[in-house]
Amino acid sequence: MFSGHYYHEHIKRAVAVFGTLFNNMSVVKKNGSGNVISTIKVPLAYGPRQKFLARIQDEKHLNDPKLAIRLPRMSFEIISMTYDTNTKLQKGVTRTLASSDPTKKQTILNPVGYRMGLQLNIMTKNQDEALQLLEQILPYFQPEYTVTVKEVQNNFKSDMPFVLQSVTMSDDYEGDFLSRRAIIYTLEFETRVRFYGPLSDKGIIRRVDATFADTEMTVNDEPYQTQKIYISPSTAQETDDYDIEVELINPIPDEAVISFTTSSGTFTVGESVTGSTSGTVGRISAVTGSTITVDSPDGRFTDTETVTGVTSAATLTVDSSSDSWVLYDG
């Protein structure tokens, strides 16, 4: 059932966008006069905070300034993924996308929505550094911050809101004065991720042949004409200049009764006849006096033209031709 590989990078894109929001933050240190003495760009990495805390607490050699993990720093990770019932869309509905091939179009089914939980951890050595970072983040979330992203191979754009759910602080320092301290602020966010299925290629309708049928005759006692509608040139794309051409085709009768005065030879039932002017070909189904009935002609006979029998070589000059049709009864 689940066959064919496709990968639209929905989760990867959401994580990358979330990390980009916080990858250019810094803290400053000032002297007693309020002058800035240093500015530290805070590193950001994907991973659980326990990974970084374990390195701080468990590796004795990491107290060496050359090897220790420097604080402040930030980390982020995915913490949950749940189905979003509020964004459920109708099944089976497709969306049409642009295609580089003018003879085809790409379609994709409606997406499935999920809520993805993300956690951002701020780890610092002192409270002031943590508060600097916190105050650079909170003003942008009221409580959401929305980013516009490109979806499904950059075919279209959609909004991805990041909603701040909670802020908690942890400072469980219990070591001696020589041990390193880590103050941790944990910010939990939620975003919505739409998962799209595989792309499908379908042909574009560039020509339409429509036959209008009815149980009623027109004023000329004939059924409706056939219309052929197509674009020209046939390779035109949506943004190109093109013409829509309509071709009207007269109806072909199911039977023709030809009346004649002048003839030579004798026509036989079952033989084919051909009109000299119209080029119409049909098969004789009946011969009665000065009329012949032609079954299933491929056109319409015209007055004064010569009709010749293929087998008997008999000829006649058409005085008049009466056509009849088997109408559609719907």
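When Glu305 is evaluated against the numbered criteria (1) without any contact (Cβ under 8 Å) to a residue 40 or more places away in the chain; (2) acidic (Asp, Glu); (3) exposed (fewer than 15 other Cβ atoms within 10 Å of the Cβ), which criterion, by number, is the only one it fails?
Condition (3) is where Glu305 drops out.
Identify the residue in region 276-296 that is among the polar types (S, T, N, Q) and assigned to a loop (DSSP other than H, G, I, E, B) and, among all such residues, is farthest from Leu316 (Cα to Cα).
Ser296
Kindly indicate the residue of region 140-175 that is surrounded by 13 or more Cβ atoms within 10 Å (Cβ to Cβ) and β-branched (Val, Ile, Thr) and also modelled with the lowest pLDDT among those meeting that condition.
Val152
Results for (1) among the acidic types (Asp, Glu); (2) closer than 22 Å to Asn23 by Cβ, shown as yes or no for each residue.
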position: Leu109; (1), (2): no, no
position: Val112; (1), (2): no, no
position: Gly117; (1), (2): no, yes
position: Met123; (1), (2): no, yes
position: Gln132; (1), (2): no, yes
position: Pro139; (1), (2): no, yes
position: Glu144; (1), (2): yes, yes
position: Val149; (1), (2): no, yes
position: Gln153; (1), (2): no, no
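Please determine whether any residue of region 246-255 is at pLDDT 85 or above and either surrounded by 15 or more Cβ atoms within 10 Å (Cβ to Cβ) or in contact with a helix residue (DSSP H, G or I) (Cβ under 8 Å, 6 or more places away or on another chain) (or both).
yes
Filtering region 1-39 down to residues that are outside any helix (DSSP H, G or I) and under 20 Å from the mean Cα position of the chain (by Cα), which residue is modelled with the lowest pLDDT?
Ser3
Tally the residues that are free of Cβ contacts under 8 Å to residues at least 60 places away in the same chain and not in a strand (DSSP E or B), restricting the search to region 244-275.
9
Please go through region 176-209 and pick out each residue that is over 30 Å from Val149 (Cα atoms) and at pLDDT 65 or above.
Arg181, Ala182, Ile183, Ile184, Ile205, Arg206, Arg207, Val208, Asp209
Looking at Gly113 and the list (1) in a loop (DSSP other than H, G, I, E, B); (2) buried (at least 16 other Cβ atoms within 10 Å of the Cβ); (3) among the small types (Gly, Ala, Ser), which single condition is not satisfied?
Checking Gly113 against (1) in a loop (DSSP other than H, G, I, E, B); (2) buried (at least 16 other Cβ atoms within 10 Å of the Cβ); (3) among the small types (Gly, Ala, Ser), the one that fails is (1).
Can you confirm whether Glu216 is surrounded by fewer than 11 Cβ atoms within 10 Å (Cβ to Cβ) and either at pLDDT 75 or above or under 17 Å from Asp101 (Cβ atoms) (or both)?
Here the answer is no, as Glu216 does not meet what is asked.
Under the condition of being without any contact (Cβ under 8 Å) to a residue 60 or more places away in the chain and over 23 Å from the mean Cα position of the chain (by Cα), which residue from region 147-165 is nearest to Glu190 (Cα to Cα)?
Among those residues, the one meeting the criterion is Val163.
Among the residues of region 116-126 satisfying the criterion of being under 15 Å from Val28 (Cβ atoms) and of a type outside the set (D, E, K, R), which is surrounded by the fewest Cβ atoms within 10 Å (Cβ to Cβ)?
Top of the filtered list is Asn126.
Is it the case, given these coordinates, that Ile137 is in a helix (DSSP H, G or I) and at pLDDT 75 or above?
yes
What do you reckon, is Lys88 loosely packed, with under 14 Cβ neighbours inside 10 Å and of a type outside the set (A, V, I, L, M)?
Spelling it out, Lys88 is indeed loosely packed, with under 14 Cβ neighbours inside 10 Å and of a type outside the set (A, V, I, L, M).
The values are calculated or read from the model by the stated rules, or taken from the named source; none is laboratory data. Predicted, not measured: the structure shown is a model, and the values here were computed from it. Virtual Cβ from ideal backbone geometry, glycine too; neighbours counted across all protein chains shown.
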